[in-house]
Each structure stands twice: as C-alpha cells, then as structure tokens.
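Data block below; observations after.
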Amino acid sequence: STRIFSGVKPTGHLTLGNYLGAIRQWVETDQHRADALFCVVDLHALTVEHDPARVRRLSRQAATLFLAAGLDPELCTLFVQSHVDEHTRLSYLLECTATDGEMRRMIQYKEKSARERESGGSVRLSLLTYPVLMAADILAYGADEVPVGEDQAQHVELTRDLAVRFNQRYGHTFTVPKAVLPTVAARVMDLQDPTSKMGKSHAETAGIVYLLDEPDVVRKKIMRAVTDSGTDVAYDREARPGVANLLEILSACTGGEPEHLAAGYDSYGALKKDTAEAVLEVLRPLQERHAALTADPAYVDSVLRQGAERARELARPTVDAAYRAMGLLPSV
Ligand code: ATP
Ligand code: MG
C-alpha cells in the first residue's frame, strides 16, 4: 500500500497555513487511503534560536493539535521525531551523499539564515543540513508520498535526488518519494505582508492566524488584513496578492473556487467578514477537541509512545540496510 510521511516542527504555535497547507489533507484523505505517519519533527526546531522549555511545550501542543484536527491513532501513526533514533542515524549517511552546494541552494536556508543574521544571531550548522535530516525522515519509512505545503516542495525534490543517488551508488535501498501539494491554499500568505508566507516562527504576529487564537482575535486579524489598492474584488495572485490570499483562504474553508467566489463580492469588507466566519467554522471544532484533549495528557503520551514503537519497527530495517550498503561493518 502507499506509505505517507509528513511533519510539523515545534517552532511556534501552529497556524492556519499549517492546517490548510498540510494537516487538513492528512486528516481528510491521507490517513484513510494509505499507511500514513505524521510526526512532530522536534529535532528540526533546534536549528534556530530556541528555548528548551518552549520547544517541549510546543511539541506536546502540536501532537495534541494533530489529534484535535482529527488524526486517528487507529488509522495512522503519530509520533515525535526524537523518540526514534533512526532519523539521526540515517541523516549522517545522507550527509555523506549530499553536497554542501546543494544545501546552500535551498531557498529556505537562504531565507532563514538571513533572518537569523538580521536578528543578530549566528547560523547553526544544523540549519544548513536541515534538508538532509528531513530527507532521512522521509526515506527511513520508504514513503511514497509527502503531503506538504508549497514551501517544502524544494526539500522533497532534494530528498528524491538523494534517494536516486544513494540507490545508484550503493544499490537499491530507498523508495523515491514525491511531494503532494493541496490544490488550493498550498501557500497561505501573511495577512500583513501578503507577499511572504504565513509562518509560525515569524516574530510579527498580526498577520498570522494561529489555530488556537480566540475567535475575536481571528476576526480582528482578518478584518485588518492588508488588501490591495483598487476596490473591486478580483482573483489575481500577482497583481492583488492580499485579496487573492483572502479568496484562497475562503475557498479552502468553503470549497468554492477563488475566481468564482471573487465574483460574489463588491467590497473588501464583505469578503473579509465572510472569510473570518469561514475560518472560525473550521477552527471551532478543532479548538473544542483541543480543550478536551489537554485535560488528558496521559492519553496523548500513550498515543506518542505507541506511535514511536511502530515507527522504530518500520525504520530500523531500512536504516540498517543503508548502513550495510554504504560499507559499514555490521556489529555482531
Ligand atoms: P517555520 O516558520 O518554523 O518554518 P512553518 O509555519 O513554515 O514554520 P513548518 O513546520 O515549517 O511550518 O511546516 C509544516 C507544514 O506546513 C509543511 O508541510 C509546510 O509546507 C506547511 N506550511 C507551512 N506554512 C504554510 C503556509 N503558509 N501555507 C501552506 N502550507 C504551509
Ligand atoms: Mg517552514
């Protein structure tokens, strides 16, 4: 059967972008149609300035939100990356497969390293090698498909390259995966800066809708979204990024086509109002389940424990095979 792997890193509170771009597909289709693994990729959260207690808290919160969003541990495997050593074991082998030039070409590395330097920090080496660990996350499970938002497509492309290269040099070891992007809202933009992606780790929060924002906060953020000059509502990502973003969010939440929805509005105010209410419809049940689940941390722990056990069993043979293929002497 099809194997699916995807994850979210605990670098901030989960956003509407994370939900519409990735998690919703996991819930609505992936867990039903495939053997799917969904991971809180906590090691990736250590690639930038981080506070240990906050990462720990956000990891638990992300796992709780996975469940609240509707992932069912009877249907899929939910776990935390650092609970399964195979990810870092394989990552090293893939560092010996990738080149530094490949890493430096990654758009996310360029953006995030620039941001770290701007805020006066230094760039951790792991930020550069991050895509290799992500490749290990995927290849360890022999995943065929990786449902992600558009911003991760380049990393999945790199994962494919590494898998093909490894297989050619050392014999067939890895399944070559492909990225699967949602048809709408693959790149939800920041409401205050609609030319940049909404990202949970960004410092400016006025343009970010978090999944756990109070309804009034969600309304305020959407009503204050930056729109474009002009007054008519038209769907044009290039010329009208602010309005296009609202139309895509509305489309993702209600099911209509963005172009078609645009025709139904003659003011930005009405579009914003409907978009806010549509987002709240999506968030309400998720927030209710989240509140119930936080009252039962032992349940979340047990889901993660069982998930890690299964993940370890799946990853172990593939990673062991990669060790042997690369020339490492088996320990007897
Ligand atoms: P960070 O700012 O720390 O990179 P992030 O919000 O980009 O956080 P990730 O953990 O990097 O979140 O990504 C988790 C998943 O959410 C990935 O599949 C990613 O493609 C998707 N995703 C993230 N932001 C968006 C967005 N704005 N629109 C659509 N999908 C998104
Ligand atoms: Mg990201």
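Within the set of pairs 6 or more residues apart or between chains, which connect a residue that is farther than 21 Å from Ala244 by Cα inside segment 194-207 to a residue that is part of a loop (DSSP other than H, G, I, E, B) and not charged (D, E, K, R) with Cβ atoms less than 6 Å apart?
What qualifies is Ser201/Thr11; Ser201/Gly12.
Restricting attention to segment 267-307, and to residues there that are within 29 Å of Tyr141 (Cα to Cα) and not hydrophobic (A, V, I, L, M, F, W, C), which single residue is surrounded by the most Cβ atoms within 10 Å (Cβ to Cβ)? I'd like the intermediate steps shown before the answer.
Filtering segment 267-307 down to residues within 29 Å of Tyr141 (Cα to Cα) leaves 286, 290, 293, 297-307.
So of that shortlist, the ones also not hydrophobic (A, V, I, L, M, F, W, C) come out as 290, 297, 299, 301-302, 305-307.
Details: His290: 18, Pro297: 11, Tyr299: 14, Asp301: 12, Ser302: 12, Arg305: 12, Gln306: 14, Gly307: 24.
For segment 267-307, the residue satisfying everything is Gly307.
Among the numbered conditions (1) surrounded by 18 or more Cβ atoms within 10 Å (Cβ to Cβ); (2) hydroxyl-bearing (Ser, Thr, Tyr); (3) away from ligand 2 (no atom under 16 Å from the Cβ), tell me where Ser113 comes up short.
Failed condition: (3).
Checking Gly327 against (1) more than 15 Å from Phe79 (Cα to Cα); (2) surrounded by 13 or more Cβ atoms within 10 Å (Cβ to Cβ); (3) among the small types (Gly, Ala, Ser): exactly one of these is not met. Which one?
Gly327 satisfies all of (1) more than 15 Å from Phe79 (Cα to Cα); (2) surrounded by 13 or more Cβ atoms within 10 Å (Cβ to Cβ); (3) among the small types (Gly, Ala, Ser) except (2).
At least 2 residues that are under 30 Å from Tyr299 (Cα atoms) and within 16 Å of ligand 1 (Cβ to nearest atom) in each: list the helices (runs of 4 or more DSSP H) lying fully within segment 64-162 that qualify.
Details: elements: 86-95, 100-104, 107-118, 125-139.
Counting at least 2 such residues, we get 125-139.
Could you tell me whether Thr88 is of a type outside the set (Phe, Trp, Tyr), under 24 Å from Asp161 (Cβ atoms) and modelled with pLDDT of 95 or more?
Working: of a type outside the set (Phe, Trp, Tyr): yes; under 24 Å from Asp161 (Cβ atoms): yes; modelled with pLDDT of 95 or more: yes.
Yes.
Before we move on, is Leu58 within 12 Å of ligand 1 (Cβ to nearest atom), closer than 18 Å to Val148 by Cβ, touching a residue at least 12 places away in the same chain (Cβ under 8 Å) and assigned to a helix (DSSP H, G or I)? Working first, answer last.
Numbers: within 12 Å of ligand 1 (Cβ to nearest atom): yes; closer than 18 Å to Val148 by Cβ: no; touching a residue at least 12 places away in the same chain (Cβ under 8 Å): yes; assigned to a helix (DSSP H, G or I): yes.
In short, no.
Has segment 102-118 got at least one residue that is under 24 Å from Ala325 (Cα atoms) and out of contact with any Asp or Glu (no Cβ under 8 Å at 6 or more places or on another chain)?
Going through segment 102-118, the residues under 24 Å from Ala325 (Cα atoms) turn out to be 102-103.
Checking which are out of contact with any Asp or Glu (no Cβ under 8 Å at 6 or more places or on another chain) leaves us with 103.
For segment 102-118, residues under 24 Å from Ala325 (Cα atoms) and out of contact with any Asp or Glu (no Cβ under 8 Å at 6 or more places or on another chain): present.
So, in segment 26-46, how many residues would count as being under 26 Å from Glu214 (Cβ atoms) and either away from ligand 2 (no atom under 16 Å from the Cβ) or in contact (Cβ under 8 Å) with a residue 40 or more places away in the chain (or both)? Please lay out each step first, then the result.
We begin by selecting, within segment 26-46, every residue under 26 Å from Glu214 (Cβ atoms); these are 26-28, 40, 45.
Add one more test, that the residue is either away from ligand 2 (no atom under 16 Å from the Cβ) or in contact (Cβ under 8 Å) with a residue 40 or more places away in the chain (or both), and what stays is 26-28, 40.
The total comes to 4.
Within segment 47-62, does at least one residue satisfy the condition of being of a type outside the set (S, T, N, Q), crowded, with 21+ Cβ neighbours inside 10 Å and closer than 23 Å to Leu20 by Cα?
At the first step, the residues of segment 47-62 found to be of a type outside the set (S, T, N, Q) are 48-58, 60, 62.
Still in the list and also crowded, with 21+ Cβ neighbours inside 10 Å: 58, 62.
Then keep just the ones that are closer than 23 Å to Leu20 by Cα; that gives 58, 62.
Yes, there is a match, as at least one residue in segment 47-62 is of a type outside the set (S, T, N, Q), crowded, with 21+ Cβ neighbours inside 10 Å and closer than 23 Å to Leu20 by Cα.
Could you check Gly142 against (1) more than 16 Å from ligand 2 (Cβ to nearest atom); (2) buried (at least 17 other Cβ atoms within 10 Å of the Cβ); (3) farther than 16 Å from Cys39 by Cβ and say which number it fails?
(3)
Of everything in segment 11-45, what is part of a loop (DSSP other than H, G, I, E, B), over 10 Å from the mean Cα position of the chain (by Cα) and not small (Gly, Ala, Ser)? Give them in sequence order.
Step one: list which residues in segment 11-45 are part of a loop (DSSP other than H, G, I, E, B), which gives 11-14, 34, 41.
Going one step further and asking which of them are over 10 Å from the mean Cα position of the chain (by Cα), we end up with 11-13, 34.
If the condition is that a residue be part of a loop (DSSP other than H, G, I, E, B), over 10 Å from the mean Cα position of the chain (by Cα) and not small (Gly, Ala, Ser), then Thr11, His13 are the ones that fit.
Are there any pairs, at least 6 apart or on different chains, whose C-beta atoms fall under 7 Å, with the first in segment 308-332 and over 17 Å from Ala136 (Cβ atoms) and the second among the hydroxyl-bearing types (Ser, Thr, Tyr) and crowded, with 16+ Cβ neighbours inside 10 Å, and if so, which?
Within 7 Å, the pairs are Arg310/Thr77.
Need pairs with beta-carbon distance below 7 Å; first residue within 27 Å of Ala206 (Cβ to Cβ) and within segment 1-13, second assigned to a strand (DSSP E or B) and among the polar types (S, T, N, Q); sequence gap 6+ or separate chains.
Partner pairs satisfying both residue conditions: none exist.
The values are calculated or read from the model by the stated rules, or taken from the named source; none is laboratory data. What you see is a predicted model, and the numbers here were worked out from it, not measured in a lab. Cβ coordinates were reconstructed from backbone atoms using ideal geometry, including for glycine residues, and neighbour counts include every protein chain displayed.
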